[in-house]
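Q: Quick one: the structure is below, and I'll ask about it shortly.
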Amino acid sequence: MADLPVQIDSCTLEGLQADVSSAFQRKSTVIHLHGAGEEGVGEDVTYDGVDHEILQEHGPGLELAGSFTMASFAEHLAAHDLFPRPPQREVSANYRTWAYESAALDLALRQARSALHEVLGREPEPVRFVVSMRLGEPPSVDPVRRRLALYPGLRFKLDPTSSWDEPLIAELRDSGAVEAVDFKAFYTGTIVDQPADPVLYRRVVEAFADAWIEDPALTPETEPLLAPHRERFSWDAPIHSIADIQSLPYPPRMVNIKPSRLGGLRNLLDAYDFCQRQAIGNYGGGQFELGVGRGQIQYLASLFHPDAPNDVAPTGFNLAGAQPGLPSSPLPPAPAEVGFRWG
């Protein structure tokens, strides 16, 4: 992939927005790269809406035109400031880098009349997925009930909060639909912050005895409760590099690989290789993509970790309310004939 050539002539931007199930208005920006009569697309999933507003008002403002390989394009991109003004969060630089690199990869593959799986020498497989969501404040099982009524086989990754009481936990447990719980211990200053809560942790890890436990806070109060469950730990928010995987407090059995959080194609593929060598499982993570980005992470899941609790459900599952007529898990392979696109 590093030597794959790409010709870039121009860049345009497209803004998207939608109300999503975590009770906020999601904004994203689709990057359109044009060259040699083809178009490549990628999606910037920076979380803060103001960063998208500034970008879309300012325009790309980057000197991207030229002939590159994918490797030299990544080097060229790294020499530029991708934000007209400093972003709200440092990690947003990774998200925007991913958007431009995935758009360039899509363009390069379309110019080469090839598809991603052909270049990587991997066969797309059906993608098992879960739906990631919160249950509101005050919490209610209704969002899970409504989705299970439409899709009885659906499975979930839920964000427990201190307001979860024992009857709610018992109903969720009895549904048999919870495959992972995400304690969100590494988020600060966001609408999904959840401080370490020993009472919540005990209730949840005991009730969902087979679920993956994502991003728990390891404190003097919580670690004794969690120690018997370390084999179920998974990590997401801290993972931006191989070094982050190596520095986890316990050797992981599973990590959530978000392509945009890794910040670029080389980092992502190196992380996949590292996990394979170390026998560390992966599942994919979504970030409320509204456009092509969702299909791209589904494509990657189909190639690298298809049979896992992938947080890559079709976008309709993450919109407010229950949406009928959506695909069931697993998603059948749907790579485009050329490019880095799915469906």
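Q: Looking at region 220-231, which of its residues are without any contact (Cβ under 8 Å) to a residue 24 or more places away in the chain and either on the phi > 0 side of the Ramachandran plot or crowded, with 16+ Cβ neighbours inside 10 Å (or both)?
A: Within region 220-231, Glu223, Arg230 meet the criteria.
Q: Could you check Ile242 against (1) open to solvent by 40 Å² or more (accessible area, probe 1.4 Å); (2) under 30 Å from Pro152 (Cβ atoms); (3) β-branched (Val, Ile, Thr) and say which number it fails?
A: (2)
Q: Further, regarding this structure: Yes or no: region 176-198 includes at least one residue that is among the aliphatic types (A, V, I, L, M), modelled with pLDDT of 95 or more and farther than 23 Å from Arg155 by Cβ.
A: Checked against the condition, which is being among the aliphatic types (A, V, I, L, M), modelled with pLDDT of 95 or more and farther than 23 Å from Arg155 by Cβ, region 176-198 yields no hits at all.
Q: Something else now. Across region 151-174, what is the number of residues that are over 14 Å from Ala209 (Cβ atoms) and surrounded by 15 or more Cβ atoms within 10 Å (Cβ to Cβ)?
A: Final tally of qualifying residues: 11.
Q: Same structure, new question: Give me a count of the residues in region 35-54 that are part of a strand (DSSP E or B) and among the aliphatic types (A, V, I, L, M).
A: 1
Q: Next question. Looking only at region 75-98, count how many residues are within 18 Å of the chain's Cα centre (by Cα) and modelled with pLDDT under 95.
A: 3
Q: Let me ask something additional. Based on this model, can you work out whether Asp142 counts as out of contact with any helix residue (DSSP H, G or I) (no Cβ under 7 Å at 6 or more places or on another chain), among the acidic types (Asp, Glu) and within 23 Å of Lys258 (Cβ to Cβ)?
A: no
Q: If you don't mind, another one. Step by step: first the residues of region 175-185, then only those that are within 11 Å of Phe208 (Cβ to Cβ) and in a loop (DSSP other than H, G, I, E, B), then the one that is farthest from the chain's Cα centre (by Cα). Which residue is that?
A: It comes out as Gly176.
Q: How many residues are touching a His at 6+ places or on another chain (Cβ under 7 Å) and at pLDDT below 95 if we restrict to region 28-62?
A: Of the residues in region 28-62, 1 are touching a His at 6+ places or on another chain (Cβ under 7 Å) and at pLDDT below 95.
Q: Something else: Which residue is farthest from Asp159 (Cα to Cα), if the candidates are limited to region 22-61 and must be hydroxyl-bearing (Ser, Thr, Tyr) and open to solvent by less than 30 Å² (accessible area, probe 1.4 Å)?
A: Of everything passing the filter in region 22-61, Thr29 is farthest from Asp159 (Cα to Cα).
Q: Oh, and also: Restricting attention to region 63-83, and to residues there that are free of Cβ contacts under 8 Å to residues at least 60 places away in the same chain, out of contact with any Asp or Glu (no Cβ under 8 Å at 6 or more places or on another chain) and crowded, with 16+ Cβ neighbours inside 10 Å, which single residue is nearest to Ile257 (Cα to Cα)?
A: The residue in question is Leu82.
Q: Which residue, of Ser260, Ser247, is among the small types (Gly, Ala, Ser) and open to solvent by 20 Å² or more (accessible area, probe 1.4 Å)?
A: Exactly one of Ser260, Ser247 is among the small types (Gly, Ala, Ser) and open to solvent by 20 Å² or more (accessible area, probe 1.4 Å), namely Ser247.
Q: Mind checking whether some residue in region 41-53 is without any contact (Cβ under 8 Å) to a residue 40 or more places away in the chain and more than 19 Å from the chain's Cα centre (by Cα)?
A: Yes; the residues of region 41-53 include at least one that is without any contact (Cβ under 8 Å) to a residue 40 or more places away in the chain and more than 19 Å from the chain's Cα centre (by Cα).
Q: Quick one: how many residues across region 204-231 are outside any loop (DSSP other than H, G, I, E, B) and of a type in the set (A, V, I, L, M)?
A: Total meeting the criteria: 7.
Q: Quick check on Val255: is it hydrophobic (A, V, I, L, M, F, W, C) and assigned to a strand (DSSP E or B)?
A: yes
Q: Looking at Val205, is it open to solvent by less than 30 Å² (accessible area, probe 1.4 Å), closer than 18 Å to Asn94 by Cβ and in contact (Cβ under 8 Å) with a residue 24 or more places away in the chain?
A: No, not satisfied.
Q: Tell me, please, whether a residue that is outside any helix (DSSP H, G or I) and at pLDDT 95 or above can be found in region 266-278.
A: yes
Q: Of the residues in region 232-243, how many are outside any loop (DSSP other than H, G, I, E, B) and in contact with a strand residue (DSSP E or B) (Cβ under 8 Å, 6 or more places away or on another chain)?
A: 4
Q: I would also like to ask the following. Can you find, within region 99-145, the residue that is farthest from the chain's Cα centre (by Cα) among those that are open to solvent by less than 10 Å² (accessible area, probe 1.4 Å) and hydroxyl-bearing (Ser, Thr, Tyr)?
A: Here the answer is Tyr100.
The values are calculated or read from the model by the stated rules, or taken from the named source; none is laboratory data. Just so it is clear, the model here is predicted, and its values are computed rather than measured. Note that we place each Cβ from the backbone using ideal geometry, even for glycine, and neighbour counts take in every protein chain shown. Calculation scope for accessible area: heavy atoms of the full protein, side chains included, ligands and nucleic acids excluded. Shrake-Rupley method; radii C 1.70, N 1.55, O 1.52, S 1.80 Å.
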